[in-house]
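Just so it is clear, none of the values below were taken in a lab; they were calculated from the coordinates. Remember, it's a predicted structure, so these values are computed and weren't measured experimentally. A quick note on method: Cβ atoms are made from the backbone with ideal geometry, for glycine too, and the neighbour counts reach across all protein chains shown.
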Amino acid sequence: MISVTAPINSLSFGNVSFNILKEIYLATGGADCPIFPIGKVDLSPFEVTEDFKNWLDLNIDKALLSHKRDNKNLKIWHIQGLLESVSEKPSSLTFHETSSLTPEEANVLSQQNKVFVTSKYSKSIFERYGVNTIYAPLGFDNTHFFKTDKKYLGDSVITFGLYGKLEERKNTLRILKAWGRKFGNKKEYSLNCLIYNPFSSTSEQSAQILSCFERNEKPFNVNILPFQSTNKDYNDCLNAADIDLTGLSSCEGFNLPAFQSTCLGKWTIYLNAHVHKDYATEDNSILVEPSEEMKLAEDGKFFVKGKKVNQGKWHDFEEEKLEEALEKAVVLAKTPNPEGEKLKEKFTYKKTVEILLNNL
């Protein structure tokens, strides 16, 4: 018997945990699997069958009764929270978003029986520090994401999408500035922004967004969308865009929003570095080559110089290369991307869980 410790909610780790637990349920025929939720369980973003919900409820309710510390446990969480474990045989699946580990992070990871990462880039970093690391890429979530037949702004308008947290690592403000310079207030183009940061105030985020545009005025063709509380609504956002800009992040554990867009046949602009190199190619994406020099991983919030976690460097890019990619994207915008759609067959959560179960 294995057990799982994980968040189940609308955030990135929560979505990953939901899909992994669902595939464990399917792969084991609903066998017992004690589940220890991190934080409050929130199933409202998900489409959940009654049988799977009953399995989740049962294994959460009886976890304290059925689990033994000599059972293997998989914890899906941040590195700094991995020392706390319900098992003498802890393993973990985690994300990492810089070029190196701190001594503290390396020590925490060394206490794990096995560490699963979703990026070959992360695997190469962890192995430099002697961590027993296994590559387990994530997959396309075919329960919640699919092509729709809805018509949005029609074929005369090219729509861009920008999703995820508004933060330094994802280059959100740089992307907004570049897009505004090139396409702002032009009726042939639109930009849908589903960007937010739950750790910043609404007023702070609004001020940051407005600072990207001339005279601090938002162009009429930039749409700031409200937080989407369900994956069904989020799927509509992905389908409404022709081009995804979320792949320009300086470092990612997997970058699910950009990956899902590509799987839906959208053209995504990717920084050709870190995990993006695992699935983004010249055939299925628009690639921006990174600068030779990396930049310090620092944003004043999660990546703070001198702290015990989240140190190192990120990849960077030159503004002119981004503008070249935007021009290429406009040419490709309304054309099919069959190679992108093939990714959803190559990368599946069923394959992720096969790797996890075979190694646990």
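Worth a mention:
- Applying 1/(1 + (r/R0)^6) with R0 = 45 Å to the Cβ-Cβ distance of THR28 and PHE220 gives a FRET efficiency near 0.30.
- From its DSSP helices (H runs of at least four residues, each -39,500 (n - 2.57)), the chain gives a residue-normalised ellipticity at 222 nm of -10000 deg cm²/dmol.
- Cα centroid separation, segment 227-300 to segment 45-114 (Å): 26 Å
- Reported label for calculated volume of the Cα convex hull per residue in Å³ given (i) 170; (ii) 134; (iii) 125: (ii)
- Cβ-based net charge around PHE116, under 11 Å, with every Lys or Arg adding one and every Asp or Glu removing one: +3
- Förster radius 25 Å - calculated FRET efficiency between LYS277 and GLU354 (Cβ-Cβ, nearest 0.05): 0.65
- Set of aspartates and glutamates near LYS120 by C-alpha distance (under 13 Å), chain-local residues within fewer than 8 positions excluded: GLU97, GLU252, ASP278
- Evaluated at q = 0.08, 0.10, 0.15 Å⁻¹: base-10 log I(q)/I(0), Debye formula over Cα of segment 158-346: -0.24, -0.38, -0.90
- Label-to-label distance, GLU204 versus SER124, with points set 7 angstrom from Cα along the beta-carbon direction: 3.4 nm.
- Rounded tilt (10° steps) of 319-332 against the dominant C-alpha axis of the chain: 80 degrees
- DSSP-defined antiparallel bridges as percent of all bridges, the chain, nearest 5: 5 percent
- Length gained on full extension, TYR135 to GLU188: 14.8 nm, using 0.36 nm per residue less the C-alpha separation.
- Beta bridges per DSSP with both ends in segment 158-346, % antiparallel, nearest 5: 10 percent
- Sorting 150-156, 4-10, 200-206, 163-169 by average packing, meaning the other beta carbons within 10 Å per residue, from highest down gives 4-10, 163-169, 200-206, 150-156.
- Between ILE60 and SER211, residue separation times 0.36 nm minus the direct Cα-Cα distance comes to 49.8 nm.
- Full-stretch length increase - VAL157, ARG69 - with 0.36 nm per residue and alpha-carbon distance subtracted: 25.9 nm
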